[in-house]
1. Select from segment 30-56 the residues that are in a loop (DSSP other than H, G, I, E, B) and in contact with a helix residue (DSSP H, G or I) (Cβ under 7 Å, 6 or more places away or on another chain) and list them in ascending order.
2. Do you know which residues across segment 257-273 are surrounded by 13 or more Cβ atoms within 10 Å (Cβ to Cβ) and within 41 Å of the chain's Cα centre (by Cα)?
3. Can you name the residue in segment 676-686 that is modelled with pLDDT of 75 or more and within 24 Å of the chain's Cα centre (by Cα) and is also nearest to residue 356 (Cα to Cα) among such residues?
4. Identify, from the list 328, 275, 313, 255, the residue that is closer than 29 Å to residue 164 by Cβ and either in the same structural domain as residue 164 (by the TED database) or modelled with pLDDT of 85 or more (or both).
5. Can we say residue 188 is touching a residue at least 24 places away in the same chain (Cβ under 8 Å), assigned to a loop (DSSP other than H, G, I, E, B) and closer than 21 Å to residue 100 by Cα?
6. Keeping to segment 609-624, report how many residues are at pLDDT below 75 and either part of a helix (DSSP H, G or I) or surrounded by 15 or more Cβ atoms within 10 Å (Cβ to Cβ) (or both).
7. Report the residue count in segment 206-224 for those that are surrounded by 15 or more Cβ atoms within 10 Å (Cβ to Cβ) and either in contact with a strand residue (DSSP E or B) (Cβ under 9 Å, 6 or more places away or on another chain) or closer than 18 Å to residue 137 by Cβ (or both).
8. List every residue pair whose Cβ atoms lie under 7 Å apart, where the two residues are 6 or more positions apart in sequence or sit on different chains, the first residue falls within segment 605-623 and is over 15 Å from residue 544 (Cα atoms), and the second residue, located anywhere, is surrounded by 14 or more Cβ atoms within 10 Å (Cβ to Cβ) and at pLDDT below 55.
């Protein structure tokens, strides 16, 4: 489990930003959230308002455009409180006493923030991280009354932060780099849809607000000058700049807009027009002089166009926003139905590769070592027991080509038989000559051995037992790698009876739910998946390293090395495909998945190189024990097969229908109106899984190792 997960977050101030931040942090199923606000009806406000934001969590199945009856009830907050996930406090000090992160969303007032941070610093643990979600007050200003100014930084979200991906992390000059990295990593954890951006230096309004307010100022000026009314201006933005910038951003859009010459060509061609527009942009003020009359005009037009904001309108707006962001996330994170289909295919490839490629490789190698050992033993017994049964043979019994002037007195004496034996170990038969009595080779049987002893010897060297031992050893290793980090991390956490699965909060609390029941509210299986990702990669790395060892161990046989090399190349392709798709499904970013893939790719060549060097160094002492090399290679391949079987089994569980139904949305986003039925998805994924299982069979045709 990552060091950045399983945090205890104290949230101070629960306005619009604060309440949605509660939902954001509760979406991490191992977090505990402590909340405090000075409003007198604070607890009632939490029970009434938080369920609306919980329904927008990415793991829920509730459509915000559905009827109010389907929305979560206030009992959900009671459930979170009952199980210790959410803790409501009456004082700031009690809320911050055990926090690992303190996040403030209070009023935009410098004095209030400076005083509040001094109070928080006095009671919070010295290791706690301090975040402020201000809209424009720099952290360096808020630090004024703090003793340790390295702890505070700005985490500026866009409203609503439980939906909008951007988080601007703005450190002060005295903020430590470790604190900045912690904040960035926390919001970049596997499964997170947020995209934290570290701003290099402080500036009023940060970056997002400066861009937004610059556009707002020009929009208000255009309305004031009767160039366009408020509603038409919104239409212009929604139909042009909005979708363009959502897909590409400002600079990337103009890079494409310049054609082959890029943004340089665009600026050269339209620079004069741009300068004219910049020179003519309006200068209006919110307050301070006579240039404030625009406010009444803008307010009147906006109210006429959109009326009073209702809860239903907010839900529709946020549902539309989720659809738009869902399209972005499909591009950036590669989630959604397409990834589920690819993941099902990858899961099938993992299963097929383990059963079709790896286990046959190991069994064949182990049995070939046993066969080679038997043949060498038989060859050794035959050659050492060779006895020449011969007598003096008159030369007249040989062909005429052997006759000479004095041939009648010559007797033939045979030379050593060892120089004439074939190089390959073969059974040496008794030779009988049809031309009188020629030299005969008789394999003399050892008087001290009998058939029964031979059978016992064969049983002692049987590879059957080693096949099972190697397979179960690899399987147990991966089981321990997968489970031990969970036990280790849970033993260090404060007592949390159960993990509450937020994707089932809408169904109400079932106190007697079994933790082992898949899909239940109290789902003990909902742990962060980084340990699973680590186990997946580790299993494949062990297998790849074992393949590399096989390649290195066969270096003395050029033909065998080439065959193994080709086989490794062929079946590493589907394994790499399966690894990448599974890691992406588990929520890892593309960058992290590429790092795992790089480690997996290097395992085989590193294993081959290390084994080759080991064989070269130790080979002189072992006398070229080819049997031992093959036996060890077979055991290692079967060991890797055991690890691969665990990975395949684990992936099949994650691709089960119950699992896929809980992850049917793209991080909670997507077009619910056009989603295919669950049965169609399951059948499509089932077919993809079966295709993946048989795919290694076709890739295996024509080679073996």
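1. Listed by number, the residues that qualify are 31, 39, 56.
2. 257, 258, 262, 263, 265, 266
3. Ranking the qualifying residues of segment 676-686, first place goes to 686.
4. Just one listed residue meets the conditions, 255.
5. Considered against the rule, which asks whether it is touching a residue at least 24 places away in the same chain (Cβ under 8 Å), assigned to a loop (DSSP other than H, G, I, E, B) and closer than 21 Å to residue 100 by Cα, residue 188 comes out as yes.
6. Qualifying residue count, segment 609-624: 11.
7. Selection size over segment 206-224: 4.
8. 612/555; 615/553; 615/555
The values are calculated or read from the model by the stated rules, or taken from the named source; none is laboratory data. Being a predicted model, the structure only gives us computed values, none of them experimental. Positions of Cβ are backbone-derived with ideal geometry, glycine not excepted, and every protein chain shown enters the neighbour counts.
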